Amino acid sequence: MTETRGTARRATPEDAEELIRLRQVMLDSYGGKAADTGWQPAAAATLRTRLAERGEELAAFVVDRPGGGLAACAVGTVDYRLGGPGDPDGVSGYVFSVATDPDRRRRGHSRACMDGLLGWFRERGVDKVNLRASPQAEPLYVSLGFVRTPDPAMRLALRDPAPA
């Protein structure tokens with residue numbers, strides 16, 4: 001690392017556009033630069049509202065970029081499902097957007113954001129946290145204690161995506 005990891009802070013509604021920009025950075029890292037950015041204004045509006053609520057179900061932690069904007073983020077939600085064996089209350093965390101700008105990587109920013117988000121989960125009594133990891137990010141998550149699970153993910157789209 002060339003500098004300390006920086007300080008992560010809880011995101012505010014004013015960070016919504018930058019959080020969406022960083023989400024696009026993450027999505028682009030999975031499969032190349034996406035041409036469709038039409039989703040971004042609606043996603044930013046929803047995120048701005050959710051961040052303003054400062055509720056118990058969604059939080060984002062960010063590291064500020066020197067000179068303005070954000071360098072990194074981690075966003076997650078608390079999910080409630082029907083309990084079962086080994087999980088009687090059915091509460092879990094889900095991390096769905098962790099990203100660092102390419103020129104700010106390898107400085108501990110994502111770790112700082114994840115530390116903030118994991119602390120937020122702990123404050124809410126969350127006992128387990130799930131995420132999907134890219135091969136590049138897996139070492140960070142393993143160092144935080146995440147392990148691979150045997151259950152495969154599946155998805156059903158109940159409506160067609162909006163036309164581009």
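Quick notes on this one:
- Modelled spin labels at Asp89 and Asp103, positioned 7 Å past Cα toward Cβ, are 4.4 nm from each other.
- Within the stretch 28-114, the trypsin sites (Lys or Arg not before Pro) that combine a DSSP coil assignment with at most 15 other C-beta atoms in a 10 angstrom radius are Lys33, Arg54, Arg81, Arg105, Arg106.
- Amide H contacts for Val129 (H built 1.01 Å from N in the peptide plane; partners 5 or more residues away or on another chain; cut-off under 5 Å): Gly93.
- When only the Cβ of Lys, Arg, Asp and Glu is charged (+1, +1, -1, -1), the dipole of the stretch 11-147 relative to its Cα centre reaches about 360 debye.
- GNM remark for the chain: springs join alpha carbons under 10 Å apart, and the peak mean-square fluctuation among Ala59, Ala71, Ala137 falls on Ala137.
- For Arg65, the residues whose amide H sits under 5 Å from its own are Leu70, Ala71, ignoring neighbours fewer than 5 places away on the same chain, with H placed 1.01 Å from N.
- Gyration tensor over the Cα atoms of the chain: the corresponding equivalent ellipsoid has semi-axes (square roots of 5 times the eigenvalues, largest first) of 24, 21, 17 Å.
- The residues of the chain expose, per residue, 62 Å² of accessible area to a 1.4 Å probe.
- Rounded percent of accessible protein surface that carbon and sulfur make up, the stretch 84-157, 1.4 Å probe: 54 percent
- Helix content alone sets the calculated 222 nm mean residue ellipticity of the chain: runs of n ≥ 4 DSSP H residues at -39500 (n - 2.57) each, divided across all residues, give -10000 deg cm²/dmol.
- Among Leu22, Leu82, Leu144: highest mean-square fluctuation, GNM of the chain, C-alpha pairs under 10 Å: Leu82
The values are calculated or read from the model by the stated rules, or taken from the named source; none is laboratory data. Everything numeric in this text was worked out from a predicted model, so none of it was measured. Because the Cβ atoms are built from the backbone with ideal geometry, glycine has one as well, and the counts that use them run over all protein chains shown. Note: accessible area is taken over every heavy atom of the protein model, side chains too, but ligands, DNA and RNA are not part of it. Shrake-Rupley method; radii C 1.70, N 1.55, O 1.52, S 1.80 Å.
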